[in-house]
Amino acid sequence: MNSKDYKIESVDVDEAYFQRNQYPYALVYCYSYMKLCETSELTEKDWDECREARFFGPIEEMHVLIEEGRAIHVTEIGTIAVLDKEYKISRRFRNKKWNRVTIRQYLEADEDGQMRIVLTRLMDLK
């Protein structure tokens with residue numbers, strides 16, 4: 001049994017950009033707007049103005065922090081201690097394709113046996 005339900009790896013920001021199409025969805029924070037879309041809908045303009053992005057799907061997420069010059073890739077390797085939550089998407093992002101977002105929280109026991117959230121990632125749009 002794995003000690004964690006996920007694996008975290010550091011990725012070069014430029015490499016993260018080239019890997020973006022491996023994920024079905026993107027949440028992009030730009031200087032003048034935010035965009036929640038299918039990754040295939042992103043344009044060069046979106047990336048040029050991007051300051052942070054999350055590319056995600058059912059088993060992994062790439063969190064790109066442009067201003068910090070780093071990216072973090074999270075891959076799921078188990079589901080022993082996870083909590084999935086579904087939230088209604090803000091009106092500004094809702095469309096005919098989806099109106100809810102699912103997030104996954106990974107839990108770990110602390111020294112007293114209390115469960116705590118150690119990682120949260122975007123997972124799906126419905």
Tell me which residues, restricted to the range 83-108, are closer than 20 Å to Ile59 by Cβ, surrounded by 15 or more Cβ atoms within 10 Å (Cβ to Cβ) and either of a type in the set (D, E, K, R) or at pLDDT below 90 (or both).
-> Arg104
Taking Thr79 as meeting all but one of (1) over 15 Å from the mean Cα position of the chain (by Cα); (2) over 27 Å from Val118 (Cβ atoms); (3) surrounded by 12 or more Cβ atoms within 10 Å (Cβ to Cβ), write down the number of the exception.
-> (2)
Within the set of pairs 6+ apart or on separate chains, which have a first residue in the range 45-68 that is over 15 Å from Arg104 (Cβ atoms), a second that is among the hydroxyl-bearing types (Ser, Thr, Tyr) and assigned to a strand (DSSP E or B), and C-beta atoms under 6 Å apart?
-> Arg51/Tyr29; Glu52/Tyr29
Has the range 88-104 got at least one residue that is outside any loop (DSSP other than H, G, I, E, B) and within 15 Å of Tyr6 (Cβ to Cβ)?
-> yes
Pairs returned, first residue in the range 75-90 that is of a type outside the set (A, V, I, L, M), second residue that is modelled with pLDDT under 95 and surrounded by fewer than 11 Cβ atoms within 10 Å (Cβ to Cβ), beta-carbon separation under 6 angstrom, 6 or more apart or interchain, are Gly78/Asn2
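The values are calculated or read from the model by the stated rules, or taken from the named source; none is laboratory data. Because the structure is predicted, anything quoted here is derived from the model rather than measured. Glycine gets a Cβ as well: all are built from the backbone with ideal geometry, and neighbour counts include every protein chain shown.
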